[in-house]
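Structure first, commentary second.
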Amino acid sequence: MNIFSFNSMVYSEKRACKFLLDFCWKNHQRFCPRCKCREFYRLTDGRRRCKRCLYSFHDFSRRFLNRGAFSCQQWLWFLKFFALEIPLASIATEMDISYATVLKAADTVRRAILAQALDAEKIYAAGIWPGPGNPLPDKKIFDVPVFGIIEVENMAICDLMPNLQAEHLLHYKLNFYLKTASVGQIVYTAPYRHYQALISCGPGLWPMPHIQHKDRRLPIEGTAFWSVTKRRFQQLRGISASHFALYLKEFELRYNAHGQDLFAILAQAMCAFVPRLVLEKRSSVD
Ligand SMILES: [Zn+2]
């Protein structure tokens, strides 16, 4: 979306809201976000209450963009800046909001991107928090599971490898001479099976000072995806293992969305419901 269309859309909160609502409710058909029932009644505060399960909801309940206190205009401005890869500190200045608020918004967008991934459920099972409405994972993630990278016809695919852990990667390195290199704490490898590289992040990949990941000229270095993605990881200047999968999925989308309207893709992802992983308690408020 060019800046002229964008400008007319964010001109008023009403227009901004309408743009987002179109992603939320297909053909304006509303339903209960909890039980999918289409029968409800209006409450005096503007919300609706489901006739079947008595859940009270508004248009953005349980969706990613309900996290935080942004107005629709603020979300659209944030998504525009995010799509353009404007540094978060600059976004905070331009929007006149705190850096902490911008960090939280960026985290929410990354979780919305991850929710669209085909392997999202497996990534959640590995301990990544889907978003609001889910209990925070019990244990802190020290080692991210391993991902396999493959690029086919200018499309990059970063697959979670559910049966591989950091120790397997080290085992292949030490016993089968799998070559490894690193960018910060992130370690990537020479080809493995049909993947051009394996990639993971965390202290388990750095068990002893003499184990280094400094092999050069790995085949993945020659791919278009890795040359832009490696630069993006370098610009982060440090990344926690618990956030690695979120960044990897963001960079995968950025690469694959080349030529498409990333802003609209992000807006649509933000309007999706946050996946719920556990049985919920019956409650009429969110
Ligand atoms: Zn319901």
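The values are calculated or read from the model by the stated rules, or taken from the named source; none is laboratory data. This is a predicted model, so every value here is computed, not measured. No Cβ is skipped: glycine too gets one built from the backbone with ideal geometry, and neighbour counts run over all protein chains shown. The accessibility values were calculated without ligands, DNA or RNA, using every heavy atom of the protein model including side chains. Shrake-Rupley method; radii C 1.70, N 1.55, O 1.52, S 1.80 Å.
Adding -39500 (n - 2.57) for every DSSP H run of four residues or longer, then dividing by how many residues the chain holds, sets the calculated 222 nm ellipticity at -12000 deg cm²/dmol.
Measuring between their Cα centroids, segment 133-175 and segment 58-126 lie 23 Å from each other. Computed from backbone phi, the HN-Hα couplings of segment 49-57 come to 10, 5, 6, 8, 9, 6, 6, 9, 8 Hz, rounded to whole numbers (Karplus: 6.51 cos²θ - 1.76 cosθ + 1.60, θ = phi - 60°; Gly and Pro given as x). Candidate cross-link partners of Lys26 among the lysines, defined by an alpha-carbon separation under 18 Å and a same-chain spacing of 8 or more, comprise Lys18, Lys36. With all protein chains kept in place, the per residue accessible area of segment 3-118 amounts to 55 square angstrom at a probe of 1.4 angstrom. Which longest run of the chain has no exposed loop site in it, a site being GluC sites (Glu not before Pro) in a DSSP loop with at most 15 other beta carbons within 10 Å, and the site itself not part of the run? Longest stretch, sites excluded: 154-279. Put simply, segment 120-260 fits an ellipsoid with semi-axes of 22, 20, 14 Å; these come from the alpha carbon gyration tensor as the roots of five times its eigenvalues, largest first. Ordering Ala181, Ala126, Leu54 by Cα displacement along the dipole of the chain toward the positive end leaves Leu54 in first place; charges were set at the Cβ atoms of Lys, Arg (+1) and Asp, Glu (-1). On the accessible surface of the chain, probed at 1.4 Å, how many percent belong to carbon and sulfur atoms? Carbon and sulfur together cover 54 percent of it. When the Debye formula is applied to the Cα atoms of the chain, each taken as the same point scatterer, what base-10 log of I(q)/I(0) results at q = 0.11, 0.12, 0.17 Å⁻¹? At q = 0.11, 0.12, 0.17 Å⁻¹ the computed log10 ratios are -0.72, -0.84, -1.39.
Dipole orientation for segment 159-286: of the candidates Ser200, Tyr255, Leu160, Ser200 has the Cα lying most toward the positive pole (charges on Cβ; Lys, Arg +1; Asp, Glu -1). Loop-located trypsin sites (Lys or Arg not before Pro) across segment 107-156 with a Cβ neighbour count of 11 or fewer within 10 Å are Lys139, Lys140, with loop assigned by DSSP. Database remark: amide H of Arg30 closer than 5 angstrom to no amide H (H placed geometrically; neighbours at sequence offset of 5 or more, or on other chains; Pro and chain starts carry no H). Projection of the Cα convex hull of segment 167-245, averaged over all directions and equal to a quarter of that hull's surface, yields 5.3 nm². Computed with a 1.4 Å probe on the full set of protein chains, the accessible area for Asp96 sits at about 140 Å². Partner lysines whose Cα lies under 26 Å from the Cα of Lys249, excluding those fewer than 8 positions away in the same chain, are identified as Lys80, Lys104, Lys122, Lys139, Lys140, Lys173, Lys179, Lys214, Lys230. Using C-alpha pairs below 8 Å separated by at least 6 residues, the relative contact order for the chain is 23 percent.
Across segment 3-118, Cα-Cα distances exceeding 22 Å account for 43% of all pairs.
Among Lys51, Lys179, Lys80, the largest mean-square fluctuation in a Gaussian network model of the chain (Cα springs under 10 Å) belongs to Lys51. Restricting segment 1-62 to chymotrypsin sites (Phe, Trp or Tyr not before Pro) that sit in a DSSP loop and have at most 11 other Cβ atoms within 10 Å of their own Cβ leaves Tyr11. Here segment 120-260 is assigned +1 on the Cβ of each Lys and Arg and -1 on the Cβ of each Asp and Glu. Its dipole about the Cα centre then comes out at about 440 debye. Placing +1 on each Lys and Arg Cβ and -1 on each Asp and Glu Cβ, with no other charges, gives the chain a dipole about its Cα centre of roughly 960 debye. Here the Karplus relation 6.51 cos²θ - 1.76 cosθ + 1.60, evaluated at θ = phi - 60°, turns the backbone of segment 61-73 into coupling constants of 3, 6, 9, 4, 6, 7, 7, x, 10, 6, 6, 5, 4 Hz, with x for every Gly and Pro.
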